[in-house]
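The values are calculated or read from the model by the stated rules, or taken from the named source; none is laboratory data. Owing to the predicted nature of the structure, the values given are computational and were not obtained by experimental measurement. A quick note on method: Cβ atoms are made from the backbone with ideal geometry, for glycine too, and the neighbour counts reach across all protein chains shown. Surface accessibility is based on the protein's heavy atoms, side chains included, excluding ligands, DNA and RNA. Shrake-Rupley method; radii C 1.70, N 1.55, O 1.52, S 1.80 Å.
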Amino acid sequence: MPFKLPFTPEQASTFAGDVDRLTFYLVAMGTFFTVLIAVMVLGFAIRYRRRSPDQVGERFDGSTLLEVTWTVIPLLIVLFTFAWGAKVYFKMYRPPADAAEYFVIGKQWMWKIQHPTGQREINELHVPIGQPVKLTMTSEDVLHSFFVPAFRTKLDVVPGRYTTMWFTPTKLGRYHIFCAEFCGAEHSRMTGWVTVMDPGAYQDWLAAVAVPSLPAPPGESGEQIFTRLACGSCHREQGSVIGPTLHGIFGTEVELTSGETVTIDESYIRESILDPAAKIVAGYQPVMPSFKGQVSEDEIRQLISYIESLPGAGHAATTGESEGVVR
Ligand code: CUA
(Lines give C-alpha, C1' and ligand atoms only; values in the text may rest on other atoms or scores of the structure.)
Protein backbone atom coordinates (compact mmCIF):
# COMPACT_ATOMS: atom_id res chain seq x y z
CA MET A 1 0.00 0.00 0.00
CA PRO A 2 1.55 3.32 -0.95
CA PHE A 3 1.94 5.55 2.03
CA LYS A 4 4.34 8.41 1.74
CA LEU A 5 5.22 11.37 3.90
CA PRO A 6 5.86 14.38 1.66
CA PHE A 7 9.28 14.94 3.25
CA THR A 8 10.67 11.39 3.06
CA PRO A 9 12.89 9.82 0.39
CA GLU A 10 11.52 7.38 -2.19
CA GLN A 11 10.20 4.09 -0.86
CA ALA A 12 12.18 1.39 -2.61
CA SER A 13 12.28 -1.59 -0.25
CA THR A 14 9.78 -3.84 1.49
CA PHE A 15 10.16 -2.13 4.84
CA ALA A 16 10.19 1.48 3.68
CA GLY A 17 6.41 1.63 4.23
CA ASP A 18 6.68 0.04 7.71
CA VAL A 19 9.32 2.55 8.79
CA ASP A 20 7.39 5.51 7.39
CA ARG A 21 4.12 4.45 9.06
CA LEU A 22 5.89 4.05 12.41
CA THR A 23 7.63 7.42 11.99
CA PHE A 24 4.35 9.08 11.06
CA TYR A 25 2.65 7.54 14.10
CA LEU A 26 5.42 8.76 16.44
CA VAL A 27 5.34 12.28 14.99
CA ALA A 28 1.53 12.34 15.16
CA MET A 29 1.46 11.16 18.79
CA GLY A 30 4.13 13.68 19.76
CA THR A 31 2.28 16.48 18.02
CA PHE A 32 -1.10 15.48 19.50
CA PHE A 33 0.15 15.48 23.10
CA THR A 34 2.20 18.65 22.65
CA VAL A 35 -0.87 20.49 21.36
CA LEU A 36 -3.19 18.90 23.97
CA ILE A 37 -0.95 19.93 26.88
CA ALA A 38 -0.35 23.45 25.52
CA VAL A 39 -4.07 24.03 24.97
CA MET A 40 -4.95 22.76 28.45
CA VAL A 41 -2.28 24.90 30.13
CA LEU A 42 -3.60 27.98 28.35
CA GLY A 43 -7.28 27.05 28.80
CA PHE A 44 -7.00 26.36 32.51
CA ALA A 45 -4.91 29.48 33.05
CA ILE A 46 -7.69 31.54 31.56
CA ARG A 47 -10.62 29.67 33.09
CA TYR A 48 -9.22 29.49 36.65
CA ARG A 49 -7.53 32.89 36.71
CA ARG A 50 -7.81 35.05 39.82
CA ARG A 51 -10.72 37.42 39.27
CA SER A 52 -10.33 39.65 42.34
CA PRO A 53 -7.32 40.39 44.61
CA ASP A 54 -8.86 38.63 47.65
CA GLN A 55 -9.75 35.40 45.83
CA VAL A 56 -8.11 32.25 47.39
CA GLY A 57 -7.86 28.83 45.76
CA GLU A 58 -9.81 25.84 47.17
CA ARG A 59 -7.98 22.93 48.80
CA PHE A 60 -7.77 19.82 46.60
CA ASP A 61 -6.79 16.40 47.98
CA GLY A 62 -6.20 14.37 44.84
CA SER A 63 -8.30 12.06 42.70
CA THR A 64 -7.69 8.35 42.36
CA LEU A 65 -9.74 8.23 39.17
CA LEU A 66 -7.65 10.97 37.56
CA GLU A 67 -4.33 9.34 38.59
CA VAL A 68 -5.36 5.89 37.36
CA THR A 69 -6.48 7.41 34.06
CA TRP A 70 -3.27 9.32 33.38
CA THR A 71 -1.20 6.27 34.33
CA VAL A 72 -3.07 3.59 32.43
CA ILE A 73 -3.64 5.45 29.14
CA PRO A 74 0.05 6.42 28.64
CA LEU A 75 1.08 2.89 29.69
CA LEU A 76 -1.11 1.38 26.98
CA ILE A 77 0.21 3.88 24.43
CA VAL A 78 3.88 3.16 25.16
CA LEU A 79 3.30 -0.61 25.23
CA PHE A 80 1.58 -0.37 21.84
CA THR A 81 4.48 1.76 20.51
CA PHE A 82 7.01 -0.75 21.87
CA ALA A 83 5.21 -3.71 20.29
CA TRP A 84 4.96 -1.94 16.93
CA GLY A 85 8.60 -0.83 16.98
CA ALA A 86 9.80 -4.31 18.01
CA LYS A 87 7.83 -5.88 15.15
CA VAL A 88 9.46 -3.59 12.58
CA TYR A 89 12.87 -4.05 14.21
CA PHE A 90 12.72 -7.84 14.09
CA LYS A 91 11.57 -7.76 10.49
CA MET A 92 14.53 -5.54 9.57
CA TYR A 93 17.24 -7.39 11.48
CA ARG A 94 16.41 -11.01 10.66
CA PRO A 95 17.54 -11.75 7.10
CA PRO A 96 15.49 -14.47 5.37
CA ALA A 97 17.33 -17.73 4.79
CA ASP A 98 17.17 -17.39 1.00
CA ALA A 99 18.81 -13.95 0.89
CA ALA A 100 21.80 -13.65 -1.45
CA GLU A 101 24.91 -12.68 0.51
CA TYR A 102 27.03 -9.72 -0.59
CA PHE A 103 30.21 -8.63 1.20
CA VAL A 104 30.77 -4.97 1.94
CA ILE A 105 34.05 -3.50 3.11
CA GLY A 106 34.16 0.07 4.28
CA LYS A 107 37.44 1.93 4.26
CA GLN A 108 38.47 5.54 4.24
CA TRP A 109 36.74 6.59 2.03
CA MET A 110 34.99 4.08 -0.15
CA TRP A 111 32.69 1.07 -0.21
CA LYS A 112 34.09 -2.14 -1.67
CA ILE A 113 31.44 -4.69 -2.53
CA GLN A 114 31.65 -8.32 -3.65
CA HIS A 115 28.73 -10.19 -5.21
CA PRO A 116 27.76 -13.78 -4.27
CA THR A 117 29.15 -14.83 -7.66
CA GLY A 118 32.47 -13.04 -7.10
CA GLN A 119 32.05 -9.81 -9.06
CA ARG A 120 33.44 -6.75 -7.32
CA GLU A 121 32.46 -3.11 -7.36
CA ILE A 122 33.54 0.11 -5.68
CA ASN A 123 30.92 2.62 -4.51
CA GLU A 124 28.34 0.78 -6.63
CA LEU A 125 26.00 -2.08 -5.80
CA HIS A 126 23.92 -3.72 -8.51
CA VAL A 127 21.04 -5.88 -7.23
CA PRO A 128 18.02 -7.59 -8.80
CA ILE A 129 14.56 -6.30 -7.93
CA GLY A 130 12.28 -8.34 -5.65
CA GLN A 131 14.97 -10.61 -4.25
CA PRO A 132 16.26 -10.38 -0.68
CA VAL A 133 19.82 -9.06 -0.43
CA LYS A 134 21.91 -9.64 2.66
CA LEU A 135 24.95 -7.46 3.27
CA THR A 136 27.74 -8.84 5.45
CA MET A 137 29.88 -5.86 6.31
CA THR A 138 33.16 -5.01 7.94
CA SER A 139 35.66 -2.16 7.98
CA GLU A 140 39.36 -2.05 7.21
CA ASP A 141 40.00 0.96 9.41
CA VAL A 142 37.50 2.98 11.44
CA LEU A 143 33.75 2.93 12.13
CA HIS A 144 31.56 3.58 9.11
CA SER A 145 27.82 3.19 8.64
CA PHE A 146 26.08 1.88 5.52
CA PHE A 147 22.93 3.89 4.89
CA VAL A 148 20.46 3.64 2.00
CA PRO A 149 17.68 6.14 2.76
CA ALA A 150 15.38 4.85 -0.01
CA PHE A 151 15.49 1.40 1.62
CA ARG A 152 15.16 2.85 5.16
CA THR A 153 18.09 0.78 6.29
CA LYS A 154 21.30 1.74 8.04
CA LEU A 155 23.87 -0.20 10.05
CA ASP A 156 27.28 0.44 11.56
CA VAL A 157 30.27 -1.08 9.78
CA VAL A 158 32.79 -2.02 12.45
CA PRO A 159 36.49 -2.93 12.14
CA GLY A 160 37.25 -6.48 13.29
CA ARG A 161 33.64 -7.59 13.24
CA TYR A 162 30.95 -8.58 10.73
CA THR A 163 27.58 -6.88 10.90
CA THR A 164 24.67 -7.90 8.66
CA MET A 165 21.67 -6.11 7.27
CA TRP A 166 19.24 -6.98 4.51
CA PHE A 167 16.58 -5.52 2.25
CA THR A 168 14.37 -6.49 -0.66
CA PRO A 169 14.30 -3.77 -3.33
CA THR A 170 10.84 -3.12 -4.73
CA LYS A 171 11.50 -0.43 -7.30
CA LEU A 172 13.87 -0.13 -10.26
CA GLY A 173 16.24 2.79 -10.13
CA ARG A 174 19.39 4.21 -8.61
CA TYR A 175 19.49 5.04 -4.92
CA HIS A 176 22.08 6.84 -2.84
CA ILE A 177 24.40 5.04 -0.43
CA PHE A 178 25.76 7.24 2.32
CA CYS A 179 28.29 6.74 5.07
CA ALA A 180 26.38 7.78 8.18
CA GLU A 181 29.21 7.72 10.72
CA PHE A 182 31.81 10.47 10.79
CA CYS A 183 34.97 8.67 9.70
CA GLY A 184 37.49 11.32 8.74
CA ALA A 185 38.24 14.15 6.37
CA GLU A 186 36.32 12.79 3.37
CA HIS A 187 33.43 11.18 5.24
CA SER A 188 30.92 13.29 3.35
CA ARG A 189 32.28 11.99 0.06
CA MET A 190 32.03 8.34 1.09
CA THR A 191 28.92 7.81 -0.98
CA GLY A 192 27.78 5.50 -3.74
CA TRP A 193 24.78 4.13 -5.59
CA VAL A 194 22.61 1.06 -5.42
CA THR A 195 21.26 0.14 -8.85
CA VAL A 196 18.11 -1.97 -8.75
CA MET A 197 17.74 -3.95 -11.98
CA ASP A 198 15.38 -6.43 -13.59
CA PRO A 199 16.63 -9.97 -12.78
CA GLY A 200 17.41 -10.52 -16.48
CA ALA A 201 19.36 -7.29 -16.78
CA TYR A 202 21.19 -8.16 -13.56
CA GLN A 203 22.28 -11.53 -15.01
CA ASP A 204 23.54 -9.73 -18.13
CA TRP A 205 25.38 -7.26 -15.94
CA LEU A 206 27.02 -10.09 -13.94
CA ALA A 207 28.06 -11.84 -17.13
CA ALA A 208 29.73 -8.68 -18.38
CA VAL A 209 31.91 -8.23 -15.28
CA ALA A 210 35.04 -10.32 -14.85
CA VAL A 211 35.07 -12.65 -11.85
CA PRO A 212 38.39 -12.71 -10.05
CA SER A 213 39.71 -16.24 -9.56
CA LEU A 214 40.34 -17.74 -6.12
CA PRO A 215 43.55 -17.15 -4.15
CA ALA A 216 46.70 -17.30 -6.16
CA PRO A 217 48.89 -20.32 -6.58
CA PRO A 218 52.57 -19.31 -6.36
CA GLY A 219 54.14 -18.17 -9.58
CA GLU A 220 51.04 -16.99 -11.39
CA SER A 221 51.46 -14.70 -14.31
CA GLY A 222 50.91 -10.96 -14.34
CA GLU A 223 47.71 -11.55 -16.27
CA GLN A 224 46.43 -13.97 -13.62
CA ILE A 225 47.22 -11.49 -10.83
CA PHE A 226 45.54 -8.75 -12.85
CA THR A 227 42.43 -10.93 -13.18
CA ARG A 228 42.47 -12.09 -9.55
CA LEU A 229 42.60 -8.51 -8.27
CA ALA A 230 39.85 -7.51 -10.73
CA CYS A 231 41.99 -4.61 -12.02
CA GLY A 232 40.12 -4.98 -15.30
CA SER A 233 36.73 -4.14 -13.81
CA CYS A 234 37.80 -0.48 -13.71
CA HIS A 235 40.76 -0.45 -16.10
CA ARG A 236 38.90 -1.80 -19.12
CA GLU A 237 40.52 -1.97 -22.50
CA GLN A 238 38.61 1.10 -23.67
CA GLY A 239 38.84 2.71 -20.22
CA SER A 240 35.81 3.47 -18.05
CA VAL A 241 34.52 6.38 -16.04
CA ILE A 242 36.23 4.87 -12.99
CA GLY A 243 39.69 4.21 -14.33
CA PRO A 244 41.78 4.88 -17.44
CA THR A 245 42.70 2.11 -19.86
CA LEU A 246 46.05 0.46 -19.31
CA HIS A 247 46.40 -0.59 -22.93
CA GLY A 248 49.27 0.94 -24.82
CA ILE A 249 50.10 3.40 -22.05
CA PHE A 250 53.53 2.14 -21.06
CA GLY A 251 56.24 4.68 -21.83
CA THR A 252 53.76 7.42 -22.74
CA GLU A 253 53.24 10.71 -20.93
CA VAL A 254 50.02 11.45 -19.12
CA GLU A 255 48.59 14.61 -17.56
CA LEU A 256 47.72 14.55 -13.86
CA THR A 257 44.95 16.33 -11.98
CA SER A 258 47.70 18.56 -10.54
CA GLY A 259 48.46 19.79 -14.07
CA GLU A 260 51.87 18.07 -14.12
CA THR A 261 52.71 15.38 -16.60
CA VAL A 262 54.37 12.11 -15.75
CA THR A 263 55.92 9.36 -17.81
CA ILE A 264 54.25 6.02 -17.24
CA ASP A 265 57.09 3.76 -16.19
CA GLU A 266 57.74 1.02 -13.64
CA SER A 267 57.97 3.32 -10.65
CA TYR A 268 54.80 5.23 -11.59
CA ILE A 269 52.83 1.97 -11.94
CA ARG A 270 54.25 0.61 -8.70
CA GLU A 271 53.36 3.80 -6.86
CA SER A 272 49.88 3.74 -8.39
CA ILE A 273 49.29 0.20 -7.10
CA LEU A 274 50.50 0.93 -3.56
CA ASP A 275 49.48 4.59 -3.22
CA PRO A 276 46.90 5.22 -5.96
CA ALA A 277 45.95 8.70 -4.78
CA ALA A 278 49.48 10.05 -5.12
CA LYS A 279 49.28 10.89 -8.84
CA ILE A 280 45.76 10.82 -10.31
CA VAL A 281 45.34 10.99 -14.08
CA ALA A 282 43.45 14.13 -15.14
CA GLY A 283 39.72 13.51 -15.48
CA TYR A 284 39.54 10.73 -12.85
CA GLN A 285 38.60 10.59 -9.20
CA PRO A 286 40.89 9.11 -6.52
CA VAL A 287 38.66 6.06 -5.96
CA MET A 288 41.17 3.26 -6.37
CA PRO A 289 41.98 1.39 -3.14
CA SER A 290 45.59 0.79 -2.19
CA PHE A 291 46.83 -2.77 -2.76
CA LYS A 292 49.56 -2.38 -0.15
CA GLY A 293 49.84 -5.69 1.72
CA GLN A 294 47.83 -7.54 -0.91
CA VAL A 295 50.55 -7.88 -3.50
CA SER A 296 54.20 -8.80 -2.98
CA GLU A 297 56.96 -6.93 -4.74
CA ASP A 298 57.29 -9.93 -7.03
CA GLU A 299 53.61 -9.73 -7.97
CA ILE A 300 53.92 -5.99 -8.59
CA ARG A 301 56.78 -6.77 -10.93
CA GLN A 302 54.60 -9.29 -12.77
CA LEU A 303 51.76 -6.77 -13.02
CA ILE A 304 54.09 -4.14 -14.46
CA SER A 305 55.33 -6.59 -17.09
CA TYR A 306 51.76 -7.47 -17.98
CA ILE A 307 50.72 -3.82 -18.31
CA GLU A 308 53.84 -3.17 -20.38
CA SER A 309 52.77 -5.98 -22.73
CA LEU A 310 49.22 -4.68 -23.29
CA PRO A 311 48.92 -3.43 -26.86
CA GLY A 312 47.43 -0.04 -27.66
CA ALA A 313 44.21 0.28 -29.64
CA GLY A 314 46.16 0.53 -32.90
CA HIS A 315 47.73 -2.87 -32.31
CA ALA A 316 44.54 -4.76 -31.45
CA ALA A 317 44.56 -6.54 -34.78
CA THR A 318 47.93 -8.14 -34.08
CA THR A 319 46.48 -10.00 -31.09
CA GLY A 320 43.95 -11.72 -33.31
CA GLU A 321 41.00 -10.36 -31.31
CA SER A 322 38.39 -8.36 -33.15
CA GLU A 323 37.97 -4.87 -31.82
CA GLY A 324 34.91 -4.00 -29.76
CA VAL A 325 34.34 -7.55 -28.57
CA VAL A 326 36.81 -7.56 -25.70
CA ARG A 327 35.53 -6.01 -22.52
CU1 CUA B 1 32.86 6.27 6.28
CU2 CUA B 1 31.84 8.21 7.17
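Percent of accessible area on the chain owned by carbon and sulfur, 1.4 Å probe?
Numbers: 11880 of 19450 Å².
Summing carbon and sulfur atoms, their accessible area is 61 percent of the total for the chain.
For labels at L36 and K112 in the simple 7 Å Cα→Cβ model, what's the distance in nm?
A separation of 5.4 nm, rounded to one decimal place.
What is the extension gain from E58 to F44, computed as 0.36 nm multiplied by their sequence separation minus the C-alpha to C-alpha distance, in nm to one decimal?
Between E58 and F44, full extension yields 3.5 nm more.
Mind scanning K91/K134; K91/K112; K107/K292; K154/K292 and naming the pairs with a C-alpha gap bigger than 20 Å?
From K91/K134; K91/K112; K107/K292; K154/K292, over 20 Å: K91/K112; K154/K292.
Taking 0.36 nm per residue of separation and subtracting the Cα-Cα distance, what length does fully extending A28 through I73 add? Mind dumping the intermediate values first?
Values: separation 45, 0.36 × 45 = 16.20 nm, distance 1.64 nm.
Length difference between fully extended and current span is 14.6 nm.
How much length, in nm to one decimal, is gained on full extension between A210 and E266, taken as 0.36 nm per residue of separation minus their Cα-Cα distance?
17.6 nm
Leaving out ligands and nucleic acids, and using a 1.4 Å probe, what accessible area per residue does segment 222-267 come to in Å²?
Using a 1.4 Å probe on heavy atoms only, each residue of segment 222-267 averages 51 Å².
Among 139-147, 271-279, 167-175, how do they line up by average Cβ neighbours within 10 Å per residue, starting with the highest?
Packing order, densest peptide first, comes out as 139-147, 167-175, 271-279.
Keeping every protein chain present and rolling a 1.4 Å probe, give me the accessible area per residue for segment 100-213 in Å².
It amounts to 42 Å² per residue over segment 100-213.
Chymotrypsin sites (Phe, Trp or Tyr not before Pro) within segment 57-117: which are DSSP loop residues with at most 13 other Cβ atoms inside 10 Å?
Counting only loop positions with at most 13 other Cβ atoms within 10 Å, the chymotrypsin sites (Phe, Trp or Tyr not before Pro) in segment 57-117 are F60.
Which percentage, to the nearest 5, of the DSSP beta bridges contained in the chain is antiparallel?
Working: 30 of 43 bridges.
Antiparallel bridges make up about 70 percent of those DSSP assigns within the chain.
Give me the one-decimal nm value for the distance between modelled label points at R301 and K154, 7 Å along each residue's Cα-to-Cβ direction.
That separation, rounded to one decimal, is 5.0 nm.
Going through segment 56-134, which trypsin sites (Lys or Arg not before Pro) have at most 11 other Cβ atoms within 10 Å and a DSSP loop state?
R59
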